[in-house]
Amino acid sequence: MPDKLIVQKYGGTSVADIDRIRSVARRCLETQLAGNDVAVVVSAMAGETNRLLALTHELHGEVNDREVDVVVATGEQVSVGLLALAIRALGGQAQSFLGHQVKIVTDDSHARARIRSIDPEPLRACFREGKIAVIAGFQGVDEAGNITTLGRGGSDTTGVAIAAALHADVCEIYTDVDGVFTADPRVVPEARQIERISYEAMLELASVGAKVLQIRSVEMGMKYGVPIHVRSSFHHQSGTWVVPEEQAMEHVLVSGIAAVRDESKITVRAVPDIPGVAAKLLSPLADAGIVIDIIVQNVSRDGSTDMSFTLPRQDRERAIAILRDQAGELCPDDRLAWSDGVAKISVVGVGMRSHAGVARRMFQLLSDEGINILMISTSEIKISCVILEKYAELALRVLHEGFDLHLPPEDRASP
Ligand code: ADP
Ligand code: ASP
Ligand code: MG
């Protein structure tokens, strides 16, 4: 009987060229030789998904489309084939699987499909034959057999979903940084690696812009209790464990900070302050698959109010067209305004549940730098501020230092 069942997921930079694919193959074989069954999920080679998307974009403006998924899913097909060949070239045995060959069945929302079920049997058969199973990340099929993709970063979700379906001991996410940090280490060089973080805090960090894990992969890990180990594919040191809160030993006030750039803000002025107006404005956007983030409605004045909301910059033009077309009477041109170039900065920590003062400190730190807050939104363990995008990097650094995130957790001041 094998020792353990280990799922490893390798991101685009980890399989960027043949040398790196060889080194991934070596690592998979080492893991198998140590006595484990191994399933490996791979992303497309670095830059490939962007290249494929750009090709489709020359012919068709939207991503939410059957044929666009047919094109972008091919990146992962190349990687699984190459990795299986590389494992074989080193004397091991491997078999590649595309989404439909493991029956990764999803709903039919192209470009953002959700996994409904996976058939682990073909993978178990592969292990029985002593082979490493190499599975294409990011892709699935809907009930009708159409190819779907899971959204950017979706191979993380494939990895955790495969781990859940196989009841694996761990899902290792191999990437180009050493683990999850208190902020994106490429933007804040002083960021510290986090040893253990709860699913809840990681979910919140991922949802406010820490793209090291796709949000749905964390959701899935939490739902099925899959321990996730985020680590570097370039060395063997341990990375960050994402685990249930009671195992996270995370008595920190703030776990980390993150930013979402390339956002836009739309404001509709003087809409009637009566029931149904928000639904009338926002439903057509939801129907078009546009995800609205922070929504702020002002206090009513003379029976009318202003409403502002943020959305991805890439959706702003389409959103304005839809508003004009489907809610034109509520937003004539002289009452419809927008600005591109805003960003959302968030501070996340489960410690906020029991400590007041984090919001006050965040506002003070931003104000000390002369950074104006355009919108605010909070949840139990998160505070987000919308600011001008040109200040995003400065805000991240100032907040990172202001919350002492460069220090070990035990040396940080409380608010
Ligand atoms: P992969 O191709 O391996 O899936 P991604 O580019 O999707 O890698 O995710 C890894 C990147 O996430 C890192 O290179 C880093 O810049 C970024 N990142 C953002 N926030 C964080 C964070 N808090 N901790 C670690 N990495 C982060
Ligand atoms: N290749 C896909 C992307 O670039 C999926 C992934 O890398 O996780 O988004
Ligand atoms: Mg990724």
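Taking N as the number of residues in the stretch 119-182, what is its Cα Rg relative to 2.2 N^0.38 Å?
Details: Rg = 13.7 Å, N = 64, 2.2 N^0.38 = 10.7 Å.
Taking N as the residue count of the stretch 119-182, the ratio is 1.29.
If you average 1/r over every pair of different alpha-carbon atoms in the stretch 1-147 and take one over that average, what Kirkwood value in Å do you get? Walk me through the numbers on the way to the answer.
Working: mean 1/r = 0.0637 Å⁻¹.
After inverting the pairwise mean of 1/r, the radius is 15.7 Å.
Under 5 Å between amide hydrogens, which residues at least 5 positions from T148 or on another chain qualify, with H placed 1.01 Å from N in the peptide plane?
Close amide H contacts, sequence-distant or interchain: G140, V141, D142.
Using Cα pairs under 8 angstrom and six or more residues apart, how large is the relative contact order of the chain, in percent?
The normalised contact order for the chain reaches 13 percent.
Quick one: if you take sqrt(5λ) for each eigenvalue of the C-alpha gyration tensor of the stretch 277-351, what semi-axes come out, biggest first, whole angstrom?
Working: eigenvalues 103, 59, 30 Å².
Taking √(5λ) for each eigenvalue gives 23, 17, 12 Å, largest first.
How big is the shadow of the Cα convex hull of the stretch 1-69, averaged over all directions, in nm²? Display every interim value, and only then the final one.
On the way: hull surface 23.9 nm².
The orientation-averaged projected area of the Cα hull of the stretch 1-69 comes to 6.0 nm².
Once the mean 1/r over all distinct Cα pairs of the stretch 199-355 is inverted, what Kirkwood radius in angstroms do you read off?
On the way: mean 1/r = 0.0550 Å⁻¹.
Taking every pair of different Cα atoms in the stretch 199-355, averaging 1/r and inverting gives 18.2 Å.
Could you give me the ³J(HN,Hα) list for the stretch 286-297, computed from phi with Karplus coefficients 6.51, -1.76, 1.60 and θ = phi - 60°, whole Hz, x at Gly and Pro?
4, 4, 8, x, 8, 8, 8, 9, 7, 10, 10, 10
Using amide H atoms built 1.01 Å from N in the peptide plane, name the residues 5+ places from E263, or on other chains, whose amide H lies under 5 Å from its own.
R313, G341, V342
For the chain, what is the calculated [θ] at 222 nm in deg cm²/dmol (nearest 500), taking -39500 (n - 2.57) for each run of four or more DSSP H residues and dividing by its residue count?
Details: 12 runs with 137 residues, N = 415.
Helices in the chain give a 222 nm mean residue ellipticity of -10000 deg cm²/dmol.
Over all directions, the average projected area of the alpha-carbon convex hull for the stretch 235-307 comes to how many nm²?
9.7 nm²
Could you go through the stretch 228-241 in sequence order and give the Karplus-derived ³J(HN,Hα) for each residue, using 6.51 cos²θ - 1.76 cosθ + 1.60 with θ = phi - 60°, rounded to whole Hz, and x for Gly and Pro?
Values, residue by residue: 10, 10, 8, 8, 7, 8, 9, 8, 9, 5, 5, x, 10, 9 Hz.
Hey, got the dipole for the stretch 167-286? About the Cα centre, +1 on K and R Cβ, -1 on D and E Cβ, debye to the nearest 20?
Details: 11 positive and 16 negative charges, 108 e Å.
Its charge dipole is roughly 520 debye.
Stick to the Cα atoms of the stretch 325-392, pair each with every other, and give me the Kirkwood hydrodynamic radius in Å at one decimal. Kindly include the intermediate steps, with their values, before the conclusion.
Details: mean 1/r = 0.0713 Å⁻¹.
The answer is 14.0 Å.
Using the per-residue mean of other Cβ atoms lying within 10 Å as a proxy for protection, in what order, highest first, do the peptides 293-302, 306-315, 175-184 fall? Intermediate results must be reported in sequence, preceding the final value.
Numbers: 293-302: 13.2, 306-315: 18.6, 175-184: 22.3.
Per-residue mean Cβ counts within 10 Å order the peptides as 175-184, 306-315, 293-302.
For the stretch 45-94, compute Rh as the Kirkwood radius over C-alpha pairs and then the Stokes-Einstein diffusion coefficient at 25 °C and 0.890 mPa s; write the answer in µm²/s, rounded to an integer.
Values: Rh = 12.2 Å.
It comes out at roughly 202 µm²/s.
What is the Cα centroid distance between the stretch 373-415 and the stretch 164-179, reported in whole angstrom?
Taking the Cα centre of the stretch 164-179 as reference, the centre of the stretch 373-415 is 28 Å away.
How long is the stretch 310-359 along each principal axis, judged by its Cα atoms, biggest number first, in Å?
46, 21, 16
Are there trypsin sites (Lys or Arg not before Pro) in the stretch 1-100 that DSSP marks as loop and that have at most 16 other Cβ atoms within 10 Å, and which are they? Please report the intermediate quantities before stating the final value.
On the way: sites: K4, K9, R20, R22, R26, R27, R51, R66, R88; in loops: K4.
Counting only loop positions with at most 16 other Cβ atoms within 10 Å, the trypsin sites (Lys or Arg not before Pro) in the stretch 1-100 are K4.
Per the Cauchy relation, a quarter of the hull surface: what is the mean projected area of the convex hull of the alpha carbons in the chain, in nm²?
Values: hull surface 87.0 nm².
So the Cα hull casts an average projection of 21.7 nm².
For the stretch 143-203, run through the GluC sites (Glu not before Pro) and keep only the ones in DSSP coil with at most 11 other Cβ atoms within 10 Å of their Cβ. Intermediate results must be reported in sequence, preceding the final value.
On the way: sites: E143, E172, E190, E195, E200; in loops: E143, E190, E195.
Those satisfying the criteria are E143.
Does the stretch 150-271 classify as rounded, prolate or oblate by the C-alpha gyration tensor (a ≥ b ≥ c root eigenvalues; a/c under 1.5 gives rounded; else a/b over b/c gives prolate, otherwise oblate)? Could you put the intermediate results ahead of the total?
Values: a/c = 1.71, a/b = 1.39, b/c = 1.23.
Prolate, because a/c is 1.5 or more and a/b exceeds b/c.
What translational diffusion coefficient, in µm²/s and rounded to a whole number, does the Stokes-Einstein relation yield for the stretch 145-209 at 37 °C and a viscosity of 0.692 mPa s, taking the hydrodynamic radius as the Kirkwood radius over Cα pairs? Numbers along the way, then the final one.
Details: Rh = 13.9 Å.
Here the translational diffusion coefficient equals 236 µm²/s.
Whole-Hz Karplus ³J(HN,Hα) for the stretch 213-219, in order, using 6.51 cos²θ - 1.76 cosθ + 1.60 and θ = phi - 60°, x for Gly and Pro?
Karplus-based 3J(HN,Hα) across the stretch 213-219 equals 10, 5, 3, 5, 5, 6, 4 Hz.
Please sort 336-346, 351-361, 68-78, 118-128 by packing, taking for each peptide the average over its residues of neighbouring beta carbons within 10 angstrom, highest first.
Numbers: 336-346: 19.2, 351-361: 14.2, 68-78: 21.4, 118-128: 16.4.
Descending packing order for the listed peptides: 68-78, 336-346, 118-128, 351-361.
Only four residue types carry charge here, +1 at the Cβ of Lys and Arg and -1 at the Cβ of Asp and Glu. Report the dipole size of the stretch 125-210 about the Cα centre in Debye, rounded to the nearest 20.
On the way: 6 positive and 13 negative charges, 36 e Å.
I would put it at about 180 debye.
Return the whole-Å distance between the Cα centroid of the stretch 269-348 and the Cα centroid of the stretch 199-241.
32 Å
How large is the translational diffusion coefficient of the stretch 281-415 in µm² per second when you combine the Kirkwood radius over alpha carbon pairs with Stokes-Einstein at 25 °C and 0.890 mPa s?
Numbers: Rh = 17.0 Å.
Reported coefficient: 144 µm²/s.
Amide H neighbours of W338 under 5 Å, counting only residues 5+ apart in sequence or on other chains, H built in-plane at 1.01 Å?
Residues meeting the amide H criterion: T267.
Every number in this text was worked out from the coordinates using simple rules, so none of it is lab data. Note that this is a predicted model, so its numbers are computed, not measured. Every residue, glycine among them, receives a Cβ derived from its backbone with ideal geometry; neighbour counts consider all protein chains shown.
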